[in-house]
1. Take residue 253 and tell me if it is over 19 Å from residue 70 (Cβ atoms) and in contact (Cβ under 8 Å) with a residue 24 or more places away in the chain.
2. Looking for whichever is under 23 Å from the mean Cα position of the chain (by Cα) and on the phi < 0 side of the Ramachandran plot here; the options are 326, 244, 337, 259. Which one fits?
3. Considering each residue of the stretch 243-258, count those that are part of a loop (DSSP other than H, G, I, E, B), within 28 Å of residue 207 (Cβ to Cβ) and in contact with a helix residue (DSSP H, G or I) (Cβ under 9 Å, 6 or more places away or on another chain), and give that number.
4. Kindly indicate whether any position in the stretch 69-77 is loosely packed, with under 11 Cβ neighbours inside 10 Å, within 24 Å of residue 207 (Cα to Cα) and either at pLDDT 95 or above or in contact with a strand residue (DSSP E or B) (Cβ under 6 Å, 6 or more places away or on another chain) (or both).
5. Taking the options 174, 193, 226, 180, name whichever one is in contact with a strand residue (DSSP E or B) (Cβ under 8 Å, 6 or more places away or on another chain), over 30 Å from residue 319 (Cβ atoms) and not in a loop (DSSP other than H, G, I, E, B).
6. Can you tell me how many residues in the stretch 65-92 are assigned to a loop (DSSP other than H, G, I, E, B) and free of Cβ contacts under 8 Å to residues at least 24 places away in the same chain?
7. Report yes if residue 98 is on the phi < 0 side of the Ramachandran plot, part of a loop (DSSP other than H, G, I, E, B) and under 19 Å from the mean Cα position of the chain (by Cα), otherwise no.
8. Would you tally the residues in the stretch 118-162 being under 30 Å from residue 78 (Cβ atoms) and touching a helix residue (DSSP H, G or I) at 6+ places or on another chain (Cβ under 7 Å)?
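The values are calculated or read from the model by the stated rules, or taken from the named source; none is laboratory data. Here the structure is a predicted model, which is why all the values come from computation and not from measurement. Note that we place each Cβ from the backbone using ideal geometry, even for glycine, and neighbour counts take in every protein chain shown.
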């Protein structure tokens, strides 16, 4: 439904409706696993309308198709006191009716609101940089997995804050389960859902998404590389992985039509096998190659400026290309063509 007239800048309007959520029985970012409920992407959000029209992009079954603007949330959850409820934002709790607790979560400048509920075990730590990390894990999750995720989270949230701009949401919830192996891990503003992987932690990649899609938004359906490639680049930089031969290690492009700036629609239409190699592999490699062209200090300045200039806004591939080109007198046109960044 459209408003009868555009809302003037600074004016307010109210929309109210009743909403009932039936959580499906599936281990997923929106699903339930026994006594635990994961409620990502559960609250309705306003669609974005830009110069290309209104965006209601489909979920293609992999990746993310989200395109949302930053806003403020105040969510009040009245729940049984036996349930622990991690959520986006800063949460305060007070006694409710007998046997119940009222949890109020307030979040500013976030693109979505996520929460979980269940008899989670908990621990809270504060990073040296002052970010409060709340860890929640299921009864079957391994203590080693919890420890690895916490260690990686403490290090990366401070490192990324120094590199890209200070983490703005006050606290960050880590919701962990050893049952998410079919689904994996998922980022939400101020909350990350983590599979405690036997071979390592996905915490660093998901926390990098707090900056790339959380702070700097993008149309994930049209340009998945703008968040996934950047998060993977940040993850590899944090772990200081060797990347000098990343193009050779990636091999040939998977097809003549493959390109970093392809949409999720392209991958869903017969090119699913290209998605991980191109968006995660080739995309991160392109950013490492750009760093070698510009130099480490210049690349750091480009990324920090790019985040600052699009803080809680929406960025495009063209925005990033302009930011990179402004950092060098060298024509980057051949670089973009070589890496198929249109």
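1. Spelling it out, residue 253 is indeed over 19 Å from residue 70 (Cβ atoms) and in contact (Cβ under 8 Å) with a residue 24 or more places away in the chain.
2. Working: 326 fails: under 23 Å from the mean Cα position of the chain (by Cα); 244 fails: under 23 Å from the mean Cα position of the chain (by Cα); 337 fails: under 23 Å from the mean Cα position of the chain (by Cα).
Every option except 259 fails the conditions.
3. 2
4. Yes, the stretch 69-77 contains at least one residue that is loosely packed, with under 11 Cβ neighbours inside 10 Å, within 24 Å of residue 207 (Cα to Cα) and either at pLDDT 95 or above or in contact with a strand residue (DSSP E or B) (Cβ under 6 Å, 6 or more places away or on another chain) (or both).
5. 174
6. Summing the residues that are assigned to a loop (DSSP other than H, G, I, E, B) and free of Cβ contacts under 8 Å to residues at least 24 places away in the same chain in the stretch 65-92 gives 1.
7. So residue 98 fails the test.
8. The total comes to 7.
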